[in-house]
Structure formats: structure tokens, C-alpha cells
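Down below is the structure, laid out as C-alpha cells.
Throughout, read-outs are computed from the coordinates displayed, never taken from laboratory work. These numbers come from a predicted model, not from an experiment. Positions of Cβ are backbone-derived with ideal geometry, glycine not excepted, and every protein chain shown enters the neighbour counts.
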């Protein structure tokens, strides 16, 4: 390339990444000697891939050919893996009229299949989500609505009740009876949840954590899947939530609990919070002597741990300054601290000799010196019962009996206290009644946090004669969004009312972010016109000038560009007003980090106006169809190249 030549224009890829290609590149980076080339019959070109025979030789695969090995599989597992890796030509379309506080909010509500949504979110939010909570369908026979194409149907299941290997392949010569209730229902559920968890793992931060609600129907299967997806070493705990005060009457032994499986992205890095001390626990700390370090409780000063080792230097007398009596450690043991430390503690009035001052020495444990909370236990019997969730839905939404046993806000809020920080992004891709969004807003109001939520929900249609339909709701998403609106307004009112009753000098609470942007999973804004060279004809060329769909707006097209530059979907967006842009829509994202125009005709003066912005944009995108001739296309890159400076660098230019 000469000094005067413009760099080639890069086009934005509208499809999500092919994870198979990503995995191949990772393997070849580690083992470049296992690379090979094969002919791609569809593309008609040669591509690089992995020679798995060479890879096995490099790894010394001891399991190869071994029929007896530890494994967890089901019919359709291989297809489920492939589904997670498969690229899709889909995008998130903004729905401004269903959103709340569009310009200011950092929360997202996504309508669509969560598998597609996770693939799209992965492009921007990989490694960004601190906490995931999901309450997937429990596979009880009436709540399983995710009907993926790769799930084996009943007829195929009956015809193929056989033994399968790790990847769901039929084992030669192996046939066993597999009752329909064992194979079809478990297999379909496993194939549904598996690819979604695979993708969700990529979204977690290195110290991130996932909570998954489940009951006994699929608990065993879910535990094995999570061991495989997240790694057995990253299992944290299986919590037991006491969800009801009395057992149900329709069971031999009434189940009064559910589980929450907890896994970390990396257990060596995971960060969880302590549980707040209760008012009763805090009330034990008193300050009867007005000690300057504040409230305290007395504790044992000896270190007589069973089986402990005697240390001569820690066996010495402590003299009661009130009585002159000397006290040694009980049972010939040790004091907890050295003689010098105890002497300092005596001088600082940190040793307690009883109410009358005549007792044995004890240590004062000050509230300010201990951990600011207690460790959570695996038994959660301190949060609301499930009935509270139904009562909350009735309070906010009336008699809409759409959700079976929605989770109570208090339960999810406590999970957020454990697993998230004040600036965390929280994801729930089985949003349902939107309890997680409600809990995020509520906790932010309480502790001043700035947590953001991303909700994803399949737009299930409400039954025609249901109470929800009678109330004007067409889908589950509409109910969830309305619940967030109403809950947010209630939280805002409560915060504002509490601020009117502040004590003198107290800081007023801040109203949290109660808005959300609604985005909808839909096919790409651009028609698929990809053809192999031997399929192309001269007549097709005119059809390739503008491949955008006629019903899509420029804002739709802008949102499809955001993942290319890892710009989050809550980015600030404004339309620039400048003489050079008169009559055109030029978007500025994140204060000018990205500038874009998708108009049908883009003059060179507009391009020069974009290039002259200060600060210089990091990225610039134009609709290729708007650049009417080759000279304008060439000038696009050249203009931005000439405008580059040493301080801010060159702007990356793309067309779509």
C-alpha cells in the first residue's frame, strides 16, 4: 500500500461468531503442529482445521477406545453441544415504546429465546456478568415450553431406546429398555439447559457465580451438567431453601424445600459476601464502661483447643488489677495471646473481669474489630416462603394467575446480597415474573448500589381466556415489563417519602435506576445474500446494492453494530446536530466513541463532518448502500486517515 492509498474497508459481520472456529483457533494456538487443511464443500474453498488423530497422539488419549469410563450422557447431547456453537444471523432490535427511561437507564429487558439472546450477548458481555440467577422450568410435565429443534420427539425416542455414548451416539451392539418417562423427558430437558449453561459460563467474570433454582425432578441431572460445564472443582454449595411452612398433602412425604445450585466461574477467585448480622445478634454487643472502641462482648481468653500443644511462653499468670489475684490458663493450657500483648490489653482496658470486677479474665471482642457479617449457611430458612411471591404478584399485578409459585423478592434479594456487588451486572435468562429485576431495584434502593439487570424471557402467549389476556396482556414479557414498571414506581415513592422524614444531618437516599430498555431478538436487519462464486450471476449484482430490510429503522441498524465494537446495549445514544449533518441522522454512541450514519445517500461533506469531530471517534460506521460511487467509498477511509492525530490515534472505519 502506498502512502496515499486508503486502507481497505472492513465490513461488519452480522452473524454471531462460530464458536467451533473459535475453539479450533484456541487448540491450534496451543498445538500448531496438529493443524491441517480440508476442502469446504459449501464455501468451495480450503479452510484450516484440527487433525484430531494428530491431537490424540499429542495428548496421549488414554480414554480412546475404552468402553468403560465415567460419563454422563443422553440422546441428543452432541446436538446440544453443536447448538451452543452454531452461529446465528440475529440481532437485538430496540423497542423504545415499551421501554422506560430509555435515555438514562442501564437495565435491559430482552424478549426472545434465551439461547439466541445468550449468543448475541456473548459478543459484548463475555466476562462482564458478576452474578447469574436462573429459575428454569423444573420439568414437572406442564411447565416445559422450550421446544428446541434438536430435541428428540416422542416417536424418535420410542424408536431409539438404546444405549448411547458421551456424545449421544448409539453404542454398537448395546440395546436396553429405556422407558419413555426416563429417556424423552430427561433428555429433552438436558438438551434444553445444556447449551444455555455453556454460553452463560462465558459471560461470567473471573470471580462470578451462578445460582440455579431447581427441585428434585432434575436436580441430579443438573448437578452433573454443571459439573461438566463449570467444572466439578467450581461447585460451591447446594443450598436448601425452605419454601413453605407446612408440607403439601398430595405427597407421601411432603417436600417443603427447593434447591439452589451454586457454581463459580473459578472457585479460586470467586468473591461472595457475608450475611448481615441480625438485630438480635447486634444487641449482644454493649458498652457498659463507655469504652472508646465502642460496643463489645466478652469472650474466652484461653486457647485450650482439644488436642492443642502446650506452649510454655503462653502459660503465665494474669493479675486482676482489682483484687491482685493471679489467674493461670485453665487445665494447664495456654492463653490466647503473649504476655506482652495482654499487658497492653490491660493498659487499654480490653480485658474483662466480670460485672463485679472480681472474676477470671476474659477478652473484650469489639464489634468494630470483627467481620462485618457472618458466613451464610447452606440452609436458607431465614427468607420468605414461596407464598410471599404469589402475594407480591397479586399486590402488583392483580389476579393474573399466570406464574406458578413465583419466587419472593426477599429470597432473590438475599441471593443478590451474597453473590453481587454494588456495581455488578446481574443476568436472569429465565426472567418469568421479573422478580430478579424487582429485587435488584429494591436492593439498590436499600444500599445505594448501582447494580444493573439484564432480563431475558421467551414471549409465551397468554391463553386467550386467561385473566392476563382479559387484562390486556398478550405475552409473558408484557406482564414482566409491567411488573418492573409498577415495582419501580413503588420503590421511587418509598425512597422519596423516606427522604421527607430524615433526621437532621442525615444523607437522603438516592432513587435507583428503575428504567429498562426493551430489546427483541429478531433476524438480522440485512438480507442474507451470501453466495458461492459459482452461484453468482450478473443479474444478482443489482440486488446486492442495498441488502437492508425495508421495515428496519436506522436505530435498529445501529444496535446491530454495537457488538462488533463491544459496546454495551445500555450505551448513551444521541443524534448529532451540526451543519454538516443537516437533513441526515448521525448517531453518537458513548459520547462519540462510535459515530454512525445509515442514510440512503451519504454525501462526502457528512463524512468530513464526522472525521472532524473532537474528540475523534474511535469507530465510524456508514451504510455501504449510502456511498453511491467507488470514489466516495475510497474517500471514506482516506478522510478519516487524514484526520488522525498522534494523541488520539486513527478512527477504525467500517461499512455495513
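Taking the Cβ-Cβ separation of residue 394 and residue 507 as r and a Förster radius of 41 Å, what is the calculated FRET efficiency to the nearest 0.05? All intermediate terms of the calculation are to be shown ahead of the outcome.
Working: r = 35 Å, r/R0 = 0.85.
Plugging the Cβ-Cβ distance into 1/(1 + (r/R0)^6) gives 0.75.
From the Cα gyration tensor of region 265-369, with a ≥ b ≥ c the square roots of its eigenvalues, which class applies: rounded if a/c is under 1.5, or else prolate if a/b is larger than b/c, or else oblate?
oblate
If a/c stays under 1.5 just call it rounded; otherwise compare a/b with b/c (prolate if a/b is bigger, oblate if not). Do that for region 548-617, with a ≥ b ≥ c from the square roots of the Cα gyration tensor eigenvalues.
oblate
Residue 71 to residue 460: FRET efficiency via 1/(1 + (r/R0)^6), r the Cβ-Cβ distance, R0 35 Å, to the nearest 0.05? List each step's numbers first, then the result.
Working: r = 34 Å, r/R0 = 0.98.
Here the calculated transfer efficiency is 0.50.
Would any residue of region 341-364 have its amide N under 18 Å from a label point 7 Å out along Cα→Cβ of residue 286? List them or say none.
350-364
How long is the gain from residue 375 to residue 447 if the chain were fully straight, where each residue apart is worth 0.36 nm and the alpha carbon distance is subtracted?
Numbers: separation 72, 0.36 × 72 = 25.92 nm, distance 1.94 nm.
Difference between extended and current length: 24.0 nm.
Just to confirm the number: angle between the C-alpha axis of helix 630-643 and the first principal axis of the chain, 0 to 90 degrees, nearest 10?
For 630-643 against the chain, the angle is about 40 degrees.
At R0 = 45 Å, how high is the FRET efficiency between residue 612 and residue 492 if r is their beta carbon distance? Nearest 0.05 is fine.
On the way: r = 42 Å, r/R0 = 0.93.
Once the sixth-power term is evaluated, E becomes 0.60.
Take residue 237, project a point 7 Å from its Cα along the Cβ direction, then tell me which residues of region 421-442 have their backbone nitrogen under 20 Å from it.
It comes to 421-422, nothing else.
Along Cα→Cβ, 7 Å out, is where each label goes; now give me the distance between the ones at residue 645 and residue 23 in nm to one decimal.
A separation of 4.8 nm, rounded to one decimal place.
Going by average Cβ neighbours within 10 Å, how do the peptides 375-381, 631-637 rank, with the highest at the top?
For the peptides 375-381, 631-637, the packing ranking is 631-637, 375-381.
Only helical DSSP H runs with n ≥ 4 go in: add -39500 (n - 2.57) per run for the chain, normalise by residue count and round the 222 nm mean residue ellipticity to 500 deg cm²/dmol.
Mean residue ellipticity, 222 nm, calculated: -8500 deg cm²/dmol.
For the chain, take the longest principal axis of its alpha carbons; what is the angle in degrees between that and the long axis of helix 435-447, to the nearest 10 within 0 to 90?
Compared with the principal axis, the helix lies near 50 degrees.
Among 454-466, 565-577, 111-123, how do they line up by average Cβ neighbours within 10 Å per residue, starting with the highest?
By packing density, highest mean first, the sequence is 111-123, 454-466, 565-577.
Between residue 279 and residue 35, what length in nm is gained on full extension when 0.36 nm per residue of separation is reduced by their alpha carbon distance?
81.5 nm
Taking Cα atoms, how many degrees apart are the long axis of helix 114-125 and the longest axis of the chain, rounded to 10 and kept between 0 and 90?
Relative to the chain, helix 114-125 is tipped by roughly 80 degrees.
Which shape class applies to region 400-528: rounded if a/c is under 1.5, otherwise prolate when a/b exceeds b/c and oblate if not, where a ≥ b ≥ c are the square roots of the Cα gyration tensor eigenvalues? Mind dumping the intermediate values first?
Working: a/c = 2.13, a/b = 1.65, b/c = 1.29.
Prolate, since a/c reaches 1.5 and a/b exceeds b/c.
Could you give the length gained by full extension between residue 244 and residue 311, i.e. 0.36 nm per residue of separation minus their alpha carbon distance, to one decimal place? Write down the numbers at each step before the final one.
Numbers: separation 67, 0.36 × 67 = 24.12 nm, distance 5.16 nm.
Fully extending the segment from residue 244 to residue 311 adds 19.0 nm.
Cα centroid distance between region 384-435 and region 459-519, in Å?
Using only Cα atoms to place each centre, the spacing works out to 12 Å.
Determine, for each peptide in 585-598, 486-499, the mean count of other beta carbons within 10 angstrom over its residues, then list the peptides with the highest first.
On the way: 585-598: 20.3, 486-499: 15.4.
Peptide ranking by packing, descending: 585-598, 486-499.
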